[in-house]
Each structure stands twice: as C-alpha cells, then as structure tokens.
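One structure below.
The values are calculated or read from the model by the stated rules, or taken from the named source; none is laboratory data. Predicted model only: the values in this text are computed from it and were never measured. Don't worry about glycine lacking a Cβ; one is built from the backbone with ideal geometry, like all the others, and counts go over all protein chains shown.
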Amino acid sequence: MSNYRAPEPRHEPTCRFCALLAGKNDTFDSVWLRGEHFQAMVSIGALIPGWTLLVPRDHATNMSDAYERSEFWEFAGAAAETVESTYGQVTLFEHGPSHSASLTGCGVDHAHTHLVPLRFSLEALARLEEPELRWEDCRVDEVRARANGCEYLYVASDFNGSSTQGSLARLEQPTSQFFRKLIARQTGLAASWDYKLFPMLEVSSGSAARLRAQAGATELESAA
C-alpha cells in the first residue's frame, strides 16, 4: 500500500473561496465534484441551472496557468461530461484578473473557470455586442501567452478539452461580471445580472444536488 499523501493546498487566509474549499464559510454544500488539484462547484447567483465553476485547490489569481496542465483538462473533461449529460452543451468562459481586488474578478480573488449550459453562442454574442474589445481567435492553452500579463476575457462556445478554440480579449480597463450581463440579457433576466444582489440559492442548491447525484451515478457505471 502506498504511503503517498497529496500535499495540502496552498490557501490564502483572506480568500472566501479558499475558506469554502476547506469546508468553511459556505451557505450550502456547493461542491459536487472533488479532485486532487481542482474542484467543481455550482455558482452562487446561477442564472442557468447547472452553472458550474472549476476552481483550483491552490490559491491563484486566474486560470491561465491551469489551461496548460493536463490534470486540469482531465478534471474539466469529467466535469463537462457530467454537466452536459444533465443539462446540455456547455460554454466555457473566464473573467481573468491580473491581481487581487480587481473588478474583473467580480469580487472573487480566487481563480475560476465557468462551465455553463447555454442554448446560444455566448462567444458570437460577445463579439457582436462588444467589437471594440478587439477579440482574437485563441486556443485555450494559449491564453497565458496571448494575454501576456494583461487582464482578459475568454469564451468558447464549444468545449473540446485542451484543444478548445475560443475568443480572447485583453482588457485595457477592468470590467465586472461581463459575461453574466450578456447571459442575463439574452435569457430575459437583465435585471438580475448581479450575483451579489440576486444569489439564486434555490437554483444553485438544486443544481448541486442533481450534479452530485449524476457524478456519483457515472462513477458507479464506470466501476461496473
């Protein structure tokens, strides 16, 4: 029997997500899939059932380094498969801050990627609605190099693991909840875009329970 023990994750004492991942400071049990390096949780303020965040256990500012790691894509693939089998095709996006307390981080100083089941192309909508952001085609594992230290927005309407092709915009000014506002407007929930004012806990808790059950069923099928 191996004596290997995974190292304890690096937490930031003042980070709300670090506390949540450690099992502290949570309104409900939002984590539905746990891995050695990453966890999947439902989003507070979920405008769409199944809205999931992929979160590194180690504290980080954005996800650009994770996109170059095979263990992230192994975990993300399992999470995406569960969300898609439960709610439909997912869109991947990130608001990528470059430092703590940036508006781009939407009030969360811990890196996270969104997986959201959508019936429209958020990528096409972002390019159409905000062309002045100078969107460029970008494969997801090239985000760090293309962003080059700048804050960024990244979105891809077709999830394909580390080969995911999407759109990147480097930001000259921080922007808060950019993709949430587009989703809220497109789904007829424009007045509810701010997750701080509209936490949508009923949607979030229902999604967590359903995804946790689906993930457990998938594990049982794989073991059979």
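Would it be correct to say that GLY161 is at pLDDT 95 or above, touching a Phe, Trp or Tyr at 6+ places or on another chain (Cβ under 7 Å) and of a type in the set (Gly, Ala, Ser)?
It is true that GLY161 is at pLDDT 95 or above, touching a Phe, Trp or Tyr at 6+ places or on another chain (Cβ under 7 Å) and of a type in the set (Gly, Ala, Ser).
Checking GLU129 against (1) at pLDDT 95 or above; (2) farther than 24 Å from HIS59 by Cα, only one condition comes out false. Which one?
With respect to (1) at pLDDT 95 or above; (2) farther than 24 Å from HIS59 by Cα, GLU129 is out only on (1).
Could you look through the stretch 41-67, keep only residues that are out of contact with any strand residue (DSSP E or B) (no Cβ under 8 Å at 6 or more places or on another chain) and of a type outside the set (A, V, I, L, M), and pick out the one that is surrounded by the fewest Cβ atoms within 10 Å (Cβ to Cβ)?
ASP65
Among the charged types (D, E, K, R), in a loop (DSSP other than H, G, I, E, B) and on the phi < 0 side of the Ramachandran plot, is that true of GLU84?
Criteria not met by GLU84.
Mind counting the residues in the stretch 68-120 that are within 19 Å of TRP193 (Cβ to Cβ) and out of contact with any strand residue (DSSP E or B) (no Cβ under 7 Å at 6 or more places or on another chain)?
Qualifying residue count for the region: 7.
Check GLY77 against each of (1) more than 24 Å from ARG170 (Cα to Cα); (2) part of a helix (DSSP H, G or I); (3) in contact with a His (Cβ under 9 Å, 6 or more places away or on another chain) and name the one condition it does not meet.
Just one mismatch for GLY77, condition (3).
Of a type in the set (A, V, I, L, M), outside any helix (DSSP H, G or I) and either over 26 Å from THR86 (Cα atoms) or touching a helix residue (DSSP H, G or I) at 6+ places or on another chain (Cβ under 6 Å) (or both): is that true of LEU168 in this structure?
Here the answer is yes, as LEU168 does meet what is asked.
Restricting to the stretch 162-197, count the residues that are surrounded by fewer than 15 Cβ atoms within 10 Å (Cβ to Cβ) and within 13 Å of TYR67 (Cβ to Cβ).
Final tally of qualifying residues: 2.
Restricting attention to the stretch 93-147, and to residues there that are closer than 19 Å to GLU68 by Cβ and assigned to a helix (DSSP H, G or I), which single residue is nearest to the chain's Cα centre (by Cα)?
Taking the candidates together, the pick is VAL140.
Only one residue in SER102, SER70 is surrounded by 16 or more Cβ atoms within 10 Å (Cβ to Cβ), out of contact with any Leu (no Cβ under 9 Å at 6 or more places or on another chain) and more than 21 Å from SER204 (Cα to Cα), so which one is that?
Exactly one of SER102, SER70 is surrounded by 16 or more Cβ atoms within 10 Å (Cβ to Cβ), out of contact with any Leu (no Cβ under 9 Å at 6 or more places or on another chain) and more than 21 Å from SER204 (Cα to Cα), namely SER102.
Somewhere in the stretch 128-142, is a residue hydrophobic (A, V, I, L, M, F, W, C), free of Cβ contacts under 8 Å to residues at least 12 places away in the same chain and within 24 Å of PHE198 (Cβ to Cβ)?
Checked the stretch 128-142: no residue is hydrophobic (A, V, I, L, M, F, W, C), free of Cβ contacts under 8 Å to residues at least 12 places away in the same chain and within 24 Å of PHE198 (Cβ to Cβ).
Please work out which one of (1) closer than 24 Å to GLU202 by Cα; (2) more than 12 Å from the chain's Cα centre (by Cα); (3) assigned to a loop (DSSP other than H, G, I, E, B) is the condition GLY50 fails and give its number.
Failing condition for GLY50: (2).
Just checking, which of ALA156, ALA147, ALA208 is under 20 Å from SER98 (Cβ atoms) and surrounded by 15 or more Cβ atoms within 10 Å (Cβ to Cβ)?
Answer to the check: ALA147.
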